[in-house]
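Only one structure is covered here, and it is reproduced in the block below.
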Amino acid sequence: MPNILLIKTSSLGDVVHNLPVVSDIRARFPRARIDWVVEEVYRDLVGTHPGVHRAIPVALRRWRGNPFKGAHWREFGQFRRALSGTRYDCVIDTQGLIKSALLARAASGTRHGYAGSSAREPLAAKFYDVTHVVPRDLHAVVRNRRLAAMALGYQLPAALDYGIALPSGAGPIALPRPYCVLLHATSRADKLWPEPAWEQLGNELARQGYAAILPWGDSAERARSERIAHALPHAVVPPALGILGVAGLLAEAHAVIGVDTGLTHLAAALGRPVVALYCGTHPGLTGVYAAQGAQVRNLGGSRTAPEVDEVLTAFDELAGGEAA
């Protein structure tokens, strides 16, 4: 029963892309104990995978805002103690950054990571005991899975399994059905799709019989949700939701249409029909990625935002026409 530690702290899309690694390891080592170091905000999501024994939270984003605060040093000490109680047979850093490599150094065990030519930050390779060459022109999900397979010496399973098992009650209770989730919010302005386009899309979905649900994460995103919802019939702006609440919302959606954001990747991992809109980035290596036969579509690119008609065509192909 090997003890294995995974290092993948953030962001949400990266964490989602790493979930199949747990499924792969458990397929080869059914009794393996798998721990995972992850940013505190994503701890509950990692914990939904039944193959994860312990999600160990780290707060690098919060700590770096005030690195001299005493409470932050105490929290880091708690993190070190959480790792020190276990001797790991294999520590695998699938992030490939200096910060993640340093976290791997805090664990006891043989540390595996990307070689300098494969890592996002080549200097990170200096902190591993064993490095592996994984081509950089592969999708992030494939890179994660290959690195873990090389570190542990197994052949990749043919099936792709994100392994998310949401707790009962995670989904919404009182929402109009059927509904589509519109994920308009993202971390960069160049990734946004224009509000008039969302309104045109939402009105056509309403004509087909679908309510639009517009979740949000901060005050600016809430204001945008409310502006878009005001222009649509039967649209709903839900209250603030935690990561599991949003996951439950996505899991019960008829379809999800979203920009390049972690929640769009999460929707695909949950097996929903997803149309992903790329406006400021290219989907080639980090686009929505799902199991073979899943209903997902990546549209647009770094300089070519998709048109509304293109999105509606993809939606009709994936989600099957008008609601009953």
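The values are calculated or read from the model by the stated rules, or taken from the named source; none is laboratory data. It should be emphasised that the depicted structure is a prediction, and the values quoted were computed from it without experimental measurement. Neighbour counts run over all protein chains shown; Cβ positions are idealised from the backbone, glycine included. Heads up: the accessible areas ignore ligands, DNA and RNA and are worked out on the full protein's heavy atoms, side chains in. Shrake-Rupley method; radii C 1.70, N 1.55, O 1.52, S 1.80 Å.
Data table
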{"read-out": "Identity of the residue in region 287-297, open to solvent by 30 Å² or more (accessible area, probe 1.4 Å) and in a loop (DSSP other than H, G, I, E, B), that ends up nearest to residue 14 (Cα to Cα)", "value": "289"}
{"read-out": "Search result, residues across region 219-245 that are of a type in the set (A, V, I, L, M) and either touching a strand residue (DSSP E or B) at 6+ places or on another chain (Cβ under 9 Å) or over 18 Å from residue 172 (Cβ atoms) (or both)", "value": "220, 223, 228, 229, 231, 232, 235, 236, 237"}
{"read-out": "Within region 208-233, tally of residues that are among the small types (Gly, Ala, Ser), out of contact with any Gly (no Cβ under 7 Å at 6 or more places or on another chain) and closer than 11 Å to residue 180 by Cα", "value": "2"}
{"read-out": "Candidate set from region 246-286 (those that are of a type in the set (A, V, I, L, M) and assigned to a loop (DSSP other than H, G, I, E, B)); member that is most open to solvent (accessible area, probe 1.4 Å)", "value": "285"}
{"read-out": "Residue within region 151-171 that is touching a Phe, Trp or Tyr at 6+ places or on another chain (Cβ under 6 Å) and under 30 Å from residue 97 (Cβ atoms) present", "value": "no"}
{"read-out": "Residue match in region 120-140 (condition: closer than 26 Å to residue 50 by Cβ and either among the small types (Gly, Ala, Ser) or touching a residue at least 12 places away in the same chain (Cβ under 8 Å) (or both))", "value": "yes"}
{"read-out": "Any hit, region 219-240, residues being under 24 Å from residue 48 (Cα atoms), surrounded by 21 or more Cβ atoms within 10 Å (Cβ to Cβ), of a type outside the set (Val, Ile, Thr) and touching a residue at least 12 places away in the same chain (Cβ under 8 Å)", "value": "no"}
{"read-out": "Residues of region 113-124 classified as open to solvent by less than 20 Å² (accessible area, probe 1.4 Å) and either β-branched (Val, Ile, Thr) or within 24 Å of residue 58 (Cα to Cα) (or both), total", "value": "4"}
{"read-out": "Verdict on residue 253 being small (Gly, Ala, Ser) and in contact with a Lys or Arg (Cβ under 6 Å, 6 or more places away or on another chain)", "value": "yes"}
{"read-out": "In region 289-324, the residues that are among the hydrophobic types (A, V, I, L, M, F, W, C), in contact with a Lys or Arg (Cβ under 8 Å, 6 or more places away or on another chain) and without any contact (Cβ under 8 Å) to a residue 60 or more places away in the chain", "value": "314"}
{"read-out": "Within region 1-43, considering residues that are in contact with a helix residue (DSSP H, G or I) (Cβ under 7 Å, 6 or more places away or on another chain) and assigned to a strand (DSSP E or B), the one surrounded by the fewest Cβ atoms within 10 Å (Cβ to Cβ)", "value": "39"}
{"read-out": "Among residues of region 143-176, those that are surrounded by 13 or more Cβ atoms within 10 Å (Cβ to Cβ) and without any contact (Cβ under 8 Å) to a residue 40 or more places away in the chain, counted", "value": "2"}
{"read-out": "The one condition in (1) modelled with pLDDT of 95 or more; (2) part of a loop (DSSP other than H, G, I, E, B) that residue 159 fails to fulfil", "value": "(1)"}
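This table checks each residue for (1) within 21 Å of residue 46 (Cα to Cα); (2) small (Gly, Ala, Ser).
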{"site": "182", "(1), (2)": "no, no"}
{"site": "194", "(1), (2)": "no, no"}
{"site": "224", "(1), (2)": "no, no"}
{"site": "231", "(1), (2)": "no, yes"}
{"site": "244", "(1), (2)": "yes, no"}
{"site": "248", "(1), (2)": "yes, yes"}
